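Every number in this text was worked out from the coordinates using simple rules, so none of it is lab data. Note that the structure is a prediction, hence the values are computed from the model and not measured. Cβ placement follows ideal geometry from the backbone for every residue including glycine, while neighbour counts extend to all protein chains displayed.
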Amino acid sequence: MDSINTQPILDLIRKEAEETARKLLEEAQDRAMTIREQSALRVAHLEDETAQKAALDGSRMAERMQRLALLDERKDLLAAKRALIDEAFAQALSALHQLSDGEVEAQILEMLLQNAVGDEQLIPGGINRGFYSQEFIRKANERLVKAGKEGALSDSGETAPDVCGVVLRRMNSETHCTFEAMLEGKKEALELGTAAILFPDRAE
């Protein structure tokens, strides 16, 4: 879907991530401090144990235990980052679910144009489905014909729960033209930018 203008969506994600960061930064710092303190205590404890065992097992075992202790600390910090990034994405998706009918329609029509063969059945999502109507199907078919495709999309009479957009069904395959699928497809790249917003002082 490279030709879809997703910049407004990406801008919205960034806005929501920044808002999330403002709301959660203090809590994140407290949680990170707690994690660091707990990790420091654990490292200190392990270092004490290491010092005791070093007399018996030698310096090689001591070094190995210290490396393991530091690895545990890093895992804790990464887990805290992952939780905050996931929370930012959840809030961004929530904001997309609250777009106006016209904004949702414009985005979903673009997804359909890129992904539809033209003879699929449409399964509307159960979230924010005010955009979906016979008029929407007419517009979609009209745009498909103008693009040189078959304009024979039809309503399936079914609903896809827990998504916002439409699912294309053709024979035994389904293609999701939904905000959920769009975000999932871009998640790896967007995670890097979101992490930079939430954690501007850490490059990990």
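What the table shows:
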| item | result |
| --- | --- |
| Under 13 Å, Cβ to Cβ, from Ile123 - net charge with Lys/Arg +1 and Asp/Glu -1 | -2 |
| Modelled label reach - Lys186, point 7 Å along Cα→Cβ, the stretch 94-120 residues with backbone N closer than 20 Å | 94-116 |
| Dipole magnitude (debye, nearest 20) for the stretch 101-171, charges at Cβ of Lys, Arg, Asp, Glu | 200 debye |
| For Lys139, net neighbour charge (Lys/Arg +1, Asp/Glu -1) across residues whose Cβ lies under 13 Å away | -2 |
| Sparse-neighbourhood loop sites, chymotrypsin sites (Phe, Trp or Tyr not before Pro) in the stretch 77-139 - DSSP loop, at most 16 other Cβ within 10 angstrom | none |
